[in-house]
1. Applying the selection to the range 187-224, what residues are under 25 Å from ILE19 (Cα atoms) and in a loop (DSSP other than H, G, I, E, B)?
2. Taking SER57 as the residue in question, decide whether it is farther than 19 Å from ALA137 by Cβ, of a type in the set (Ser, Thr, Tyr) and out of contact with any Pro (no Cβ under 8 Å at 6 or more places or on another chain).
3. Given the structure, is LEU218 open to solvent by 30 Å² or more (accessible area, probe 1.4 Å) and among the hydrophobic types (A, V, I, L, M, F, W, C)?
4. Scan (1) within 28 Å of ARG5 (Cβ to Cβ); (2) of a type outside the set (Lys, Arg); (3) open to solvent by 30 Å² or more (accessible area, probe 1.4 Å) for the single condition LEU104 breaks and write down its number.
5. Taking strands (runs of 3 or more DSSP E) that do not extend beyond the range 17-90, which have at least 3 residues that are in contact with a helix residue (DSSP H, G or I) (Cβ under 9 Å, 6 or more places away or on another chain), at pLDDT below 95 and surrounded by fewer than 22 Cβ atoms within 10 Å (Cβ to Cβ)?
6. Among the residues of the range 93-112, is any of a type in the set (Gly, Ala, Ser) and either part of a loop (DSSP other than H, G, I, E, B) or without any contact (Cβ under 8 Å) to a residue 12 or more places away in the chain (or both)?
7. Condition check: under 17 Å from LEU180 (Cβ atoms) and free of Cβ contacts under 8 Å to residues at least 12 places away in the same chain. Does LEU3 satisfy that?
8. Could you list all residues from the range 193-203 that are touching a residue at least 60 places away in the same chain (Cβ under 8 Å) and either over 24 Å from GLU127 (Cβ atoms) or touching a Lys or Arg at 6+ places or on another chain (Cβ under 8 Å) (or both)?
Amino acid sequence: MNLIRAQRDQLFEYGPFTIRRQRPAEALGPLAVIDQMTLKMDAHIPLHTHKDDEIFSYVWRGSAQHLSEDGEKTALNTRRTMVVSAGSGVRFAESAPFIETAMLQVYIRPSYSGGEPRVQTFSRAAEAPANSWTLLAGPESSDAPMTLRQDVLIFDLKIARGVEVDVPHLPGYSSWISVLDGIVQVGEARLLQGDAISEQGALPPVRGERDATLIAFLVRDAATAVMSGTVSGS
């Protein structure tokens, strides 16, 4: 297993944003950039352009707003997450107009360049179920509620203290888990907020040492990806 500790050199500030940036290893090639961000209230990123990026956005505390170029507003919060497939090019703005917000934004390299830009959301009527992984996004051939132009599956988990849960796995896929808050044990490794762990294969079960929020990625080992993304290709 490869343990990635949260470190100060992963942090950078951009105005009202504090971002912890992690770049997974080559074995997880399409999984390019993982940003854990804190957005101060009234933080705002003006309209900007993305191409050939699959962008997964997940709020675990507070709320954020996605504003499309044509003025359509979409609220993101603990019950609603989003995938933007930038394709041939898309422009949008982001903000946290109401409250300080903690948000994950992940940039995935698609399997092909171009394609029609699209925005998808997944909403839950209630908070994520405790101690059970939820599939949020997956390949276009999957049954996931949001689809990606890549062989990557994304799950979330709210795990309670003292509970042990198996980690999703598929043959031929590598695994990555990010700890958004709380403390967990994965095998012999103790993970704190901001830490991550990966394995070229299956990870052992995860056990809550404190209540925690986790995101898991499964990445197909044989997946091919383009390097032309605005962020994912950098």
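1. LEU192, GLN193, GLY194, ASP195, ARG210, ASP211, listed by residue number.
2. Working: farther than 19 Å from ALA137 by Cβ: no; of a type in the set (Ser, Thr, Tyr): yes; out of contact with any Pro (no Cβ under 8 Å at 6 or more places or on another chain): yes.
Taking the combined requirement at face value, the residue does not satisfy it.
3. Values: open to solvent by 30 Å² or more (accessible area, probe 1.4 Å): no; among the hydrophobic types (A, V, I, L, M, F, W, C): yes.
Against the criterion (open to solvent by 30 Å² or more (accessible area, probe 1.4 Å) and among the hydrophobic types (A, V, I, L, M, F, W, C)), LEU218 does not qualify.
4. Here LEU104 clears every test but (3).
5. Numbers: elements: 17-22, 31-39, 43-50, 54-61, 64-68, 73-76, 80-85.
Correct list: 17-22.
6. Filtering the range 93-112 down to residues of a type in the set (Gly, Ala, Ser) leaves 93, 95-96, 102, 111.
Then keep just the ones that are either part of a loop (DSSP other than H, G, I, E, B) or without any contact (Cβ under 8 Å) to a residue 12 or more places away in the chain (or both); that gives 111.
Yes.
7. Numbers: under 17 Å from LEU180 (Cβ atoms): yes; free of Cβ contacts under 8 Å to residues at least 12 places away in the same chain: no.
No.
8. Within the range 193-203, the subset touching a residue at least 60 places away in the same chain (Cβ under 8 Å) is 193-200, 203.
Those that are touching a residue at least 60 places away in the same chain (Cβ under 8 Å) and either over 24 Å from GLU127 (Cβ atoms) or touching a Lys or Arg at 6+ places or on another chain (Cβ under 8 Å) (or both): GLY194, ASP195, ILE197, SER198, GLU199, GLN200, LEU203.
The values are calculated or read from the model by the stated rules, or taken from the named source; none is laboratory data. Please read all numbers here as calculations on a predicted model, not as lab measurements. All Cβ positions, glycine included, derive from the backbone under ideal geometry; neighbour counts span all protein chains shown. Each accessible area value is taken on the protein alone, full model and side chains, heavy atoms only, with ligands, DNA and RNA left out. Shrake-Rupley method; radii C 1.70, N 1.55, O 1.52, S 1.80 Å.
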